[in-house]
1. Tell me, what are the semi-axes, in whole angstrom and largest first, of the equivalent ellipsoid of the chain as set by the roots of 5 times the Cα gyration tensor eigenvalues?
2. With every protein chain left in place and a probe of 1.4 Å, what is the accessible surface of Y26, to the nearest 10 Å²?
3. Might you tell me the accessible area per residue for the range 29-147, computed with a 1.4 Å probe and given in Å²?
4. Using a Gaussian network for the chain with springs between C-alpha atoms less than 10 Å apart, which of these wobbles most: A70, A114, A78?
5. Mind ranking V50, V9 by accessible surface for me, highest first, 1.4 Å probe?
6. May I ask for the distance between the Cα centers of the range 1-44 and the range 78-146, given as a whole number of Å?
7. What's the FRET efficiency of N55 with H28 using the Cβ-Cβ distance as r and R₀ = 22 Å, to the nearest 0.05?
8. If I model a spin label at E66 and E110 as a point 7 Å from the Cα along the Cα→Cβ vector, what separation in nanometres do I get?
Amino acid sequence: MSTGAPIHVLNGPNLNLLGTREPEIYGHETLADVEALCRQVAGDLGHEVVFRQTNAEGELIGWVQEARQAIGIVINPAGYTHTSVALRDAIAACDCPVIEVHLSNVHAREPFRAHSYVSPVASGVVAGFGVEGYAVAIRRIAGLSGG
Ligand code: DQA
């Protein structure tokens, strides 16, 4: 069953390379595997998924703006996590819950990854759960929406 309002799953730069990009850090699953997982978990909870990836900061911000009145957003901002005030401002303008997801534990890596512009305006943060983090975030958004 998947008839409810969509959950938007937005992915930032270099996540199109998942599976081959530093697999010792990000794992062997591809972005297509992540999409399939998101669709399955959301579908079981009665929600459609809008799943997108971009390497461009402005495009990611545009998608956040588009989704700001959706049921919720799951976002892995990737490198823009640590650099983008503009992305933070777009998320702050959202009316819906926004969950920040990182495949890796950003707090156990280089010091610059420990700072996120997004976390202070996110409803929640999942890091270090691998692709399962996306499933956790989707379940949380569905729960917050009462479904
Ligand atoms: C990432 C962590 C970021 O620091 C990094 O720039 C990424 C991926 C993660 O999912 O672990 O591209 O967001």
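The values are calculated or read from the model by the stated rules, or taken from the named source; none is laboratory data. In this text the structure is predicted, and so the values were computed from the model without any measurement. Positions of Cβ are backbone-derived with ideal geometry, glycine not excepted, and every protein chain shown enters the neighbour counts. For the accessible areas, the whole protein counts, side chains as well, though only heavy atoms, and no ligand, DNA or RNA atoms are used. Shrake-Rupley method; radii C 1.70, N 1.55, O 1.52, S 1.80 Å.
1. After scaling each eigenvalue by five and taking roots: 22, 18, 13 Å.
2. 30 Å²
3. 44 Å²
4. A114
5. Largest accessible area first, the list is V50, V9.
6. 14 Å
7. Numbers: r = 21 Å, r/R0 = 0.97.
So, using R0 = 22 Å, E works out to roughly 0.55.
8. Reported label-point gap for E66 and E110 is 3.1 nm.
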